[in-house]
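> Take this structure, written in structure tokens, and hold onto it; I'll ask about it next.
Every number in this text was worked out from the coordinates using simple rules, so none of it is lab data. Only a predicted model underlies this, so the values are computations on that prediction, with no experimental measurement involved. Cβ: placed from backbone, ideal geometry, glycine included. Neighbour counts: every protein chain shown.
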Amino acid sequence: MQHKKAKERVQRILEIEIKFEGHFDKCFDNLKESQQLSLIEWIENCKETKLNPIASFKDKQLIGFILRIGSNLRAILTKEKNKYFLVLFLDKHKYYEAELLKLGF
């Protein structure tokens, strides 16, 4: 699946237009098909509240879901408490750590 199709699918699942940050396009295109499908399934589980989020210490209304993909890629899906999903971040581990600090996780 190409990143454009994946973005459309993610937005259909979440029922809202979200931002895609990090090097989403490049990272997604380099994933194996099984990893791409796992990422989509993880997003579905986040929406259905089957996973426990972490809370931001900087913004009390922000929560996030974290996914480790392989040894070097990470995804962060952020959401406002009791509201809408905001951003799907996908990138290498070193950028992920900077994003965690920026968001307060």
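> Check residue 21: other-chain or 5+ apart residues with amide H under 5 Å from its amide H, H built from backbone geometry?
Correct list: 88, 89, 90.
> Using helices alone, what [θ] at 222 nm do you get for the chain, with -39,500 (n - 2.57) per DSSP H run of 4 or more residues, divided over all residues and rounded to the nearest 500?
Working: 4 runs with 45 residues, N = 105.
After summing the helix terms and dividing by the residues of the chain, the value is -13000 deg cm²/dmol.
> Using 7 Å Cα-to-Cβ label points, what is the residue 17/residue 41 separation (nm, one decimal)?
So the label points at residue 17 and residue 41 sit 3.1 nm apart.
> Ok, one more. Compare the peptides 45-52, 25-32 by average per-residue count of other Cβ atoms within 10 angstrom and give them in order, highest first. Each step should come with its number before you reach the end.
Numbers: 45-52: 12.2, 25-32: 16.1.
For the peptides 45-52, 25-32, the packing ranking is 25-32, 45-52.
> What percent does the relative contact order of the chain come to when contacts are Cα pairs within less than 8 Å and at least six residues apart?
Relative contact order of the chain: 28 percent.
> Okay, moving on. Mean 1/r over all different Cα pairs, inverted: what Kirkwood radius does the chain give, in Å? Could you put the intermediate results ahead of the total?
Numbers: mean 1/r = 0.0729 Å⁻¹.
Value: 13.7 Å, from the Cα pair sum.
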